[in-house]
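Worksheet: the structure to be examined is printed underneath.
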Amino acid sequence: MNKEWLQEYMRELGERTGLIDFYLQEIASLSKDEDIVIRIVDFDDTLFSREEQLEKESALRENRGWAGIDVIVNSMGISQFIDTYYRGHDFPHDIFNLMNPETDVILTAGLRELQYMKTEAVWLLDFPTTVVDEWKDKVLEVLRYIVFEFGVIPREVIIYEDRPEYFIQYRELLESLLWIKITIMKVEMDWNRGYKRIEEV
């Protein structure tokens, strides 16, 4: 894969294209472990469903993304929201039971304080959680996690997402930089009762 192609992908993701040389150099210094598989797991509607809150709260249905976060912070109150819809609530463990706290990470988007409080409320503190501003930021965050935090190239990365569009679009970028297989699993929850589907896309 030529450098110009990689730079164009970085440009699309809003990153400085000159970082390609830096990443290639850093990746070349890492060892590879064929025994390791890393799971990157989204939180909202992947581990824990938001369907109940969206059904009960019209303001959240009508204001999605950062507008919905404003509703939670300024109208509902973060602590009240967490107590009502997360603390003490169970969720399906199909994906959770596959996760290893030594290798895997929860990668979610939104307001950091809110996302950390969600994971704390449902007892997911054993797993490192990374919060980015927007969906598309998750693509480069996978790269950063492996290079700067995990520090070893795994055999494979498996991504679980309810909205995997950006990962599908930029899978080739990650595979070309890391020389690994990226498996993307599309997740559809059935409230917090279970999963309608978890399938490779």
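Can you find even one residue in region 81-98 that is open to solvent by 20 Å² or more (accessible area, probe 1.4 Å), charged (D, E, K, R) and closer than 23 Å to Glu188 by Cβ? Let's see the steps before the verdict.
First, the residues of region 81-98 that are open to solvent by 20 Å² or more (accessible area, probe 1.4 Å): 83-84, 87-90, 93-94, 96-98.
Of the ones still in play, those that are also charged (D, E, K, R) are 83, 87, 90, 94.
With the extra rule that they be closer than 23 Å to Glu188 by Cβ, the set shrinks to 90, 94.
Yes; the residues of region 81-98 include at least one that is open to solvent by 20 Å² or more (accessible area, probe 1.4 Å), charged (D, E, K, R) and closer than 23 Å to Glu188 by Cβ.
Of all residues being part of a loop (DSSP other than H, G, I, E, B) and touching a Leu at 6+ places or on another chain (Cβ under 7 Å) in region 70-108, which is nearest to Val147 (Cα to Cα)? Just the residue, please.
Here is the first cut: in region 70-108, the ones part of a loop (DSSP other than H, G, I, E, B) are 77, 86-95, 99-104.
Still in the running and touching a Leu at 6+ places or on another chain (Cβ under 7 Å): 91, 95.
Values: Phe91: 31, Ile95: 24 Å.
Ranking the candidates gives Ile95 first.
Going by what's in this entry, would Ser31 be described as touching a residue at least 24 places away in the same chain (Cβ under 8 Å) and of a type in the set (Gly, Ala, Ser)? Reasoning before the result, please.
Numbers: touching a residue at least 24 places away in the same chain (Cβ under 8 Å): yes; of a type in the set (Gly, Ala, Ser): yes.
For Ser31, the condition - touching a residue at least 24 places away in the same chain (Cβ under 8 Å) and of a type in the set (Gly, Ala, Ser) - is met.
Here are some residues: Tyr145, Tyr116. Which one is open to solvent by 60 Å² or more (accessible area, probe 1.4 Å), modelled with pLDDT of 95 or more and under 14 Å from the mean Cα position of the chain (by Cα)? Even if it seems obvious, please write down each step before you answer.
Details: Tyr145 fails: open to solvent by 60 Å² or more (accessible area, probe 1.4 Å).
Answer to the selection: Tyr116.
Which condition number does Tyr160 fail, the rest of (1) of a type outside the set (A, V, I, L, M); (2) touching a Lys or Arg at 6+ places or on another chain (Cβ under 9 Å); (3) open to solvent by 60 Å² or more (accessible area, probe 1.4 Å) being met?
(3) is the only condition that Tyr160 fails.
Does Ile153 satisfy the criteria of being within 30 Å of His89 (Cα to Cα) and either surrounded by 14 or more Cβ atoms within 10 Å (Cβ to Cβ) or of a type in the set (S, T, N, Q) (or both)? Outline the logic, then answer.
Details: within 30 Å of His89 (Cα to Cα): no; either surrounded by 14 or more Cβ atoms within 10 Å (Cβ to Cβ) or of a type in the set (S, T, N, Q) (or both): yes.
Here the answer is no, as Ile153 does not meet what is asked.
The values are calculated or read from the model by the stated rules, or taken from the named source; none is laboratory data. If you're wondering where the values come from, they're calculated on a predicted model, not measured in any experiment. FYI the Cβ positions are ideal-geometry reconstructions off the backbone, even for glycines, and counts take in every protein chain you see. Calculation scope for accessible area: heavy atoms of the full protein, side chains included, ligands and nucleic acids excluded. Shrake-Rupley method; radii C 1.70, N 1.55, O 1.52, S 1.80 Å.
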